[in-house]
Amino acid sequence: MAVCCDLEVDVNGEETFMVDKKIISSYSGRLSKLFGKSTVTKRNLKVIFNDFPGGAKNFELMSRFCYNNGRIDIIPSNISLLHCAAHFMEMNKYYTSEKHNLLEQTEKSLEEINYWTWSELLTALKQCQDLLPVANFPCLLEKFMDSLVGRVALSSETSPCASTSSPDSSGFRFSCDTRSTESLKNSFSRVTWWFEDLLILSPTLVEMVIKTMVSRKLDHVIISRFLFFYQKSKFYNATADEKRKVLESVIDMLDTLDMSSVSCKSLFGVLRISMNLNITKSIRSKLESMIGYQMDQATLDNLLVPSPNGTNYLYDVNLVLRFSKAFLRGGGGGGSQVSLMMLRKVASLMDLYIAEVAPDPCLKPSKFLALAMALPDSARDSFDEMYSAIDMYFEVHAGLSEEEKIKICCALNYEKLSAEACIHLSQNAKFPSKSAVQALISQQFKLKNLLHSTNGSKCCTDSPCSFNTEAGNKGKKGESDQQVVLYAGKLDFCADNEKLRAHLQGMQSRVMELEKVCRKMQTQMTKIMKSKVSSHTNARSLPKLCS
């Protein structure tokens with residue numbers, strides 16, 4: 001066949017080729033449509049391609065196919081290039097015969113993908129990655145992803161090198177020559193051997209891999225470990241902009257996983273890194289929500305995040321408030337209801353955090369109150385720690401008004417304060433008098449209920465045999481009743497603050513004595529009950545003995 005160079009082709013501004021228009025057009029629908037059926041020979045024809053996939057190197061490869069009568073060796077190292085060139089130049093069955101159809105030849109070669117080595121598969125996938133900005137080949141990528149993920153899934157169940165020793169044992173083989181035999185002996189290596197190999201992939205391709213892994217139901221724990229490994233490895237020698245893109249992509253992918261499979265500690269590590277990278281608001285919100293879902297696994301050190309620039313607070317209080325909101329929306333991930341055990345763990349953590357930030361002189365009362373009321377009352381069995389934190393806050397913020405103090409004290413559940421805390425509060429001049437009164441009312445209510453339940457139990461256990469025991473304690477009982485009356489009597493809440501505090505101090509000893517008396521009474525009732533049960537048992541067994 002006579003060859004003439006009558007067509008000039010500029011490929012992406014990289015290189016210019018002189019080719020035979022007739023030969024190239026006979027295989028390319030794109031050029032065939034461009035020049036039509038005209039037989040007129042024109043010199044100095046020129047075509048400019050600005051987005052030819054694979055650039056000048058791939059145009060030369062495609063030209064070799066045309067000049068060789070539609071024959072070329074299609075191997076894993078060039079299949080991606082040829083497939084994309086065939087798409088771009090429209091080298092399909094509508095313009096050429098099946099025998100010389102480059103597109104169908106590449107698709108037929110892809111049917112052998114299960115017999116490629118692992119290294120060949122990675123090479124082909126890397127070529128796809130390099131072609132991504134200018135090419136669109138979803139079918140090709142889908143085949144590569146399915147094969148890659150299938151091999152990873154198989155290796156998790158067996159050994160990544162199982163098929164190397166026996167190429168025909170699994171229907172495909174892949175290379176593990178970069179892995180030492182020793183490193184594959186433990187189970188962790190068997191499921192993570194592919195981590196380093198996938199570092200060649202861009203965040204865009206890794207997203208596709210992860211999406212396929214999730215659809216194939218691979219272990220989310222392993223996937224999350226890979227993503228943290230990928231993020232850490234990609235940060236070496238990367239620019240700030242590259243780091244930001246990688247981090248945003250990793251957070252996006254982690255958000256698709258089951259939250260129980262993602263390490264809370266690692267998420268906090270990502271959070272600290274993200275503070276200097278200016279990630280988008282939506283991505284930051286996803287990260288904070290993921291951490292919030294697992295707040296019951298966090299530690300105090302995790303929460304002590306420095307406040308952002310432009311704020312005077314020592315720590316980022318708003319961040320912790322967002323964590324707590326996310327936790328209440330669905331702690332444990334997946335929107336599941338927060339369990340009481342998780343709620344109490346978070347409440348204990350919040351109490352530690354509130355105590356840590358309370359001495360901050362720049363912390364506004366509204367923020368402190370928001371922290372104190374972030375969780376419902378049911379999260380705490382005791383409010384003693386909360387009382388201590390409020391006490392510290394009042395000490396550091398001595399200039400607070402009475403109204404501000406009363407608002408903050410609304411966070412206290414006086415019924416869940418211990419007697420010791422109530423006594424301390426009654427003497428604490430830093431607290432408003434209204435709080436002291438509420439603490440006293442709460443203790444009165446508790447003791448009335450205790451006395452009522454004690455008297456109720458006594459009535460249930462009254463019997464002739466109990467009178468002798470009670471008679472010996474008649475004098476003491478009279479004293480205790482009198483003390484209860486003294487304590488439970490209605491206070492004059494209109495008295496001035498000093499008289500109220502003096503009255504409260506005078507009641508401390510009476511409260512302690514009353515508690516002792518109640519404990520003694522409960523002990524005596526227990527003995528009486530045991531005695532009655534024993535007597536009843538003996539009476540029932542007597543007829544048998546007589547017989």
Could you grab me the full set of residues in the stretch 253-275 that are buried (at least 18 other Cβ atoms within 10 Å of the Cβ) and either touching a residue at least 40 places away in the same chain (Cβ under 8 Å) or at positive phi (or both)? MET253, LEU257, MET259, VAL262, VAL270
Look at ALA379 and say whether it is modelled with pLDDT of 95 or more and out of contact with any strand residue (DSSP E or B) (no Cβ under 8 Å at 6 or more places or on another chain). no
Which listed residue is at pLDDT 90 or above and either more than 51 Å from the chain's Cα centre (by Cα) or more than 26 Å from LEU140 (Cα to Cα) (or both), from THR39, THR16: THR16
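Could you name every one of the helices (runs of 4 or more DSSP H) located completely within the stretch 288-358 that has at least 2 residues being without any contact (Cβ under 8 Å) to a residue 24 or more places away in the chain, within 28 Å of THR256 (Cβ to Cβ) and over 17 Å from the mean Cα position of the chain (by Cα)?
Qualifying helices (runs of 4 or more DSSP H): none found.
Yes/no per residue for (1) under 25 Å from MET213 (Cβ atoms); (2) modelled with pLDDT under 95:
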residue	(1), (2)
ASP258	yes, yes
ILE279	yes, yes
ILE283	yes, no
SER307	no, yes
VAL320	no, no
LEU328	no, yes
SER336	yes, yes
LEU340	no, yes
When the stretch 202-223 is checked residue by residue, the ones that are among the hydrophobic types (A, V, I, L, M, F, W, C), buried (at least 16 other Cβ atoms within 10 Å of the Cβ) and in contact (Cβ under 8 Å) with a residue 40 or more places away in the chain are LEU205, VAL206, MET208, VAL209, ILE210, MET213, VAL214, LEU218, ILE222
Can you say whether ASN278 is buried (at least 18 other Cβ atoms within 10 Å of the Cβ) and of a type in the set (S, T, N, Q), as far as the supplied structure shows? no
Can you give me the number of residues within the stretch 101-129 that are in contact (Cβ under 8 Å) with a residue 12 or more places away in the chain and among the charged types (D, E, K, R)? 4
Only one of (1) part of a helix (DSSP H, G or I); (2) open to solvent by 50 Å² or more (accessible area, probe 1.4 Å); (3) touching a residue at least 12 places away in the same chain (Cβ under 8 Å) does not apply to SER285, and that is (3)
Matching residues in the stretch 11-37 - criterion: being open to solvent by less than 30 Å² (accessible area, probe 1.4 Å) and assigned to a loop (DSSP other than H, G, I, E, B): ASP20, SER28
Unique match (being open to solvent by less than 30 Å² (accessible area, probe 1.4 Å), over 27 Å from PRO359 (Cβ atoms) and modelled with pLDDT under 60) among SER453, SER457, SER463, SER442: SER463
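Conditions tested, residue by residue: (1) closer than 22 Å to LEU205 by Cβ; (2) assigned to a helix (DSSP H, G or I).
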| residue | (1), (2) |
| --- | --- |
| PRO53 | yes, no |
| LYS57 | yes, yes |
| MET62 | no, yes |
| ASN69 | no, no |
| PRO76 | yes, no |
| LEU82 | yes, yes |
| MET91 | no, no |
| SER109 | yes, yes |
For ARG151, are the conditions met, namely being modelled with pLDDT of 50 or more, open to solvent by 30 Å² or more (accessible area, probe 1.4 Å) and either part of a helix (DSSP H, G or I) or out of contact with any strand residue (DSSP E or B) (no Cβ under 9 Å at 6 or more places or on another chain) (or both)? no
When both residues are 6+ apart or on different chains and their Cβ atoms are under 7 Å apart, which pairs have a first residue that lies in the stretch 58-77 and is touching a residue at least 24 places away in the same chain (Cβ under 8 Å) and closer than 19 Å to GLU112 by Cβ, and a second that is in a loop (DSSP other than H, G, I, E, B) and open to solvent by 10 Å² or more (accessible area, probe 1.4 Å)? PHE65/ILE72; PRO76/TRP116
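The values are calculated or read from the model by the stated rules, or taken from the named source; none is laboratory data. These numbers were taken from a predicted model, which means no experiment stands behind them. For neighbour counting, all protein chains shown are included, and Cβ atoms are generated from backbone atoms with ideal geometry for every residue, glycine included. The protein model used for the area step is the full one, side chains on, heavy atoms only, and it has no ligands, DNA or RNA in it. Shrake-Rupley method; radii C 1.70, N 1.55, O 1.52, S 1.80 Å.
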